[in-house]
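The next block holds one structure in the form of structure tokens; read it before the comments.
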Ligand SMILES: [Zn+2]
């Protein structure tokens, strides 16, 4: 009798580590794009099928990947296997994602990549974000800062309920964002909440809006 194969969940954990950015990063073999690779089904890594580790992670910890769906990264780290950083998307989402991250044929020269980089830089320096993080923490839910969805970058994202929060500052192109949200996000069951932080009264209103949205989304998803 040979040695029992190591369970896949153990292999995922053993070969990855948390980064300072909060990613659970695969430290084993990677493909040319930086996506983790592992062999499944063979003994002692001999034979078996070569699989993309972030897909394996999704199948192991979340569930089967529907036909035609892609497991995409919210973070800009293809080696990441953290479930909170992964999401299921369509082929079109995958294409948008690739363009946004500069992995398409045209790479970093294209406009979408630049937009995404600039947007992230602007948001990282936005004082509204710290203010909002304090509000969001009072909901008792987990909120991720700067979460990526397709080629959108949300200020805050709650994976559990599928709610994104955008703090509208002067640098946001609201009309453009709103139009894109209406088409793409509704289809995916994601709720995008826009809150303002311009005046004294905005804080209380924003918190009330967020709490109402959480309740609504919970009910919609049948969790109440
Ligand atoms: Zn990550």
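All of the numbers you see were taken from the coordinates with simple rules; none came from a lab. Worth saying up front: this structure is predicted, and the values here are computed from it rather than measured.
At-a-glance table
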item	result
Descending semi-axes in Å of region 1-89, equivalent ellipsoid built from Cα gyration tensor	22, 15, 12
Theoretical gain in end-to-end length, residue 20 to residue 131 [0.36 nm per residue, Cα-Cα removed]	37.8 nm
Stretchable slack from residue 211 to residue 138, in nm (0.36 nm times residue separation minus alpha-carbon distance)	25.3 nm
Mean Cα-pair separation over length for region 1-89, i.e. relative contact order, pairs under 8 Å, 6 or more apart, %	26
